[in-house]
Amino acid sequence: MRVPYPELTNVKIDYANVQKILFQNDIFDDSIKIGEELAKSQLDKADALIRKEFVSNENFYLNAQQAARHTIEGMVKQLNPDVSGLTVDVEFYNYEDMPIS
C-alpha cells in the first residue's frame, strides 16, 4: 500500500494545564479582547515551536511513520478478516512527487 508520508497537521492543546488569564483591567474596557489576542498569540507561538521541533528531529518522523504503518496494517487486516496470513506492506511517498493523472 502506498501512502503519503505522515505530516503534522493539527496541534491540540491540553487545556487542563493551560495557565489561566486574568482580567487586565477588571471586567470593563478591553480586558476580553486583550485576553483573546494574548491566547491567540501564545497558540501561534506554540504551534510554530512544535513544528520547528518536529522538522529538526528525525526521530519524530520515524516514530510517525512507524505509528502510521501499525495503524494502516491493523485497518487492512480488520477489513480482511477472512484472509489468513495477510501481509501488509506500507510504502511512503512524497505527495509532491506523484504524477497528476
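Please treat every number below as a calculation from the coordinates, not as lab data. Please read all numbers here as calculations on a predicted model, not as lab measurements. Heads up, the Cβs are rebuilt from the backbone with ideal geometry, glycines too, and the neighbour counts pull from every protein chain shown.
A simple packing score, the average count of other Cβ atoms within 10 Å per residue, orders the peptides 73-82, 58-67 as 58-67, 73-82, with the highest score first.
In straight-distance terms, cross-link reach from LYS33 covers every one of the aspartates and glutamates whose alpha-carbon lies under 18 Å from its own, apart from those fewer than eight places away in the same chain; here that gives ASP44.
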